[in-house]
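The values are calculated or read from the model by the stated rules, or taken from the named source; none is laboratory data. Since the structure is predicted, the reported quantities are computational estimates derived from the model, not experimental observations. Quick reminder, even Gly has a Cβ in these numbers, built from the backbone with ideal geometry, and neighbours come from all protein chains shown.
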Amino acid sequence: MNASKAIGYCALAMLAALYVVGAVSNGVVRHIVQTLPLWFPILLGLRRREIAKWAALPCFVVWLALMIFIWLFLLGVAHVITGHFTTVEVAMTLVVGVASVAGVVAGFRWRTSVSWGKGLLVVGVFTVLQLVALRISFLPAIARDRF
């Protein structure tokens, strides 16, 4: 499998796992909002666009960091993220974590013709998009799935 498709499928696996979490936690709308930036690497990767690498990397890193914080909480090491996690949610953190790592590895191995300047600009934009999506997902109406 080529790197662009690997990135697309890793992002798609993350999206599916996060939708499962939303379904079992009554937070579907929140998870839809949180994952909106992932659609770009999915579509760009599956269409073999080199920019997919740069759009995906910040999404993979942000989600991997969140999964690490959840695992540290579950292990009793840190309380950056807290809460009650069902067995399904814990399993999905593993899917998201593995997909994130696989996506980062595929991204770093893939040499594209995209200039460093353009690549870093896309990384910056998608870092902001992912963080803003996460922040918006915690607005009371979205967090409670009430409109």
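Would you check which residues across the stretch 27-73 are aromatic (Phe, Trp, Tyr) and either under 9 Å from the mean Cα position of the chain (by Cα) or on the phi > 0 side of the Ramachandran plot (or both) and list them?
Phe60, Trp63
Collect the residues in the stretch 1-21 that are of a type outside the set (A, V, I, L, M, F, W, C) and either at pLDDT 95 or above or buried (at least 22 other Cβ atoms within 10 Å of the Cβ) (or both), keeping them in residue-number order.
Once the filter is applied, which keeps residues that are of a type outside the set (A, V, I, L, M, F, W, C) and either at pLDDT 95 or above or buried (at least 22 other Cβ atoms within 10 Å of the Cβ) (or both), the stretch 1-21 yields Ser4, Lys5, Gly8, Tyr9, Tyr19.
Select from the stretch 87-137 the residues that are more than 30 Å from Ala23 (Cα to Cα), touching a residue at least 24 places away in the same chain (Cβ under 8 Å) and of a type in the set (D, E, K, R) and list them in ascending order.
If the condition is that a residue be more than 30 Å from Ala23 (Cα to Cα), touching a residue at least 24 places away in the same chain (Cβ under 8 Å) and of a type in the set (D, E, K, R), then Arg109, Lys118 are the ones that fit.
Mind checking which pairs have a first residue in the stretch 1-22 that is over 16 Å from Pro58 (Cα atoms) and a second that is among the acidic types (Asp, Glu), Cβ under 7 Å, 6 or more apart or different chains?
Here the result reads Val21/Glu89, each pair linking the stretch 1-22 to a residue that is among the acidic types (Asp, Glu).
If you go through the stretch 22-43 one residue at a time, how many are in contact with a Gly (Cβ under 9 Å, 6 or more places away or on another chain), crowded, with 22+ Cβ neighbours inside 10 Å and modelled with pLDDT of 95 or more?
Number of matching residues: 4.
Can you tell me which condition Phe60 does not meet? The list is (1) buried (at least 17 other Cβ atoms within 10 Å of the Cβ); (2) touching a residue at least 60 places away in the same chain (Cβ under 8 Å), and all the others hold.
(2)
Quick test of your reading of the structure: Ala78 fulfils all but one of (1) touching a Lys or Arg at 6+ places or on another chain (Cβ under 9 Å); (2) modelled with pLDDT under 95; (3) farther than 22 Å from Ile142 by Cα. Name the failing condition by number.
Here Ala78 meets the rest and fails (1).
The rows are residues; the columns are (1) outside any helix (DSSP H, G or I); (2) small (Gly, Ala, Ser); (3) farther than 17 Å from Val90 by Cα.
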| residue | (1), (2), (3) |
| --- | --- |
| Leu38 | no, no, yes |
| Ala56 | no, yes, yes |
| Cys59 | no, no, yes |
| Trp71 | no, no, no |
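Within the stretch 74-94, take every residue that is part of a helix (DSSP H, G or I) and touching a Leu at 6+ places or on another chain (Cβ under 9 Å) and give me the one that is surrounded by the fewest Cβ atoms within 10 Å (Cβ to Cβ).
Going through the qualifying residues, I end up with Val90.
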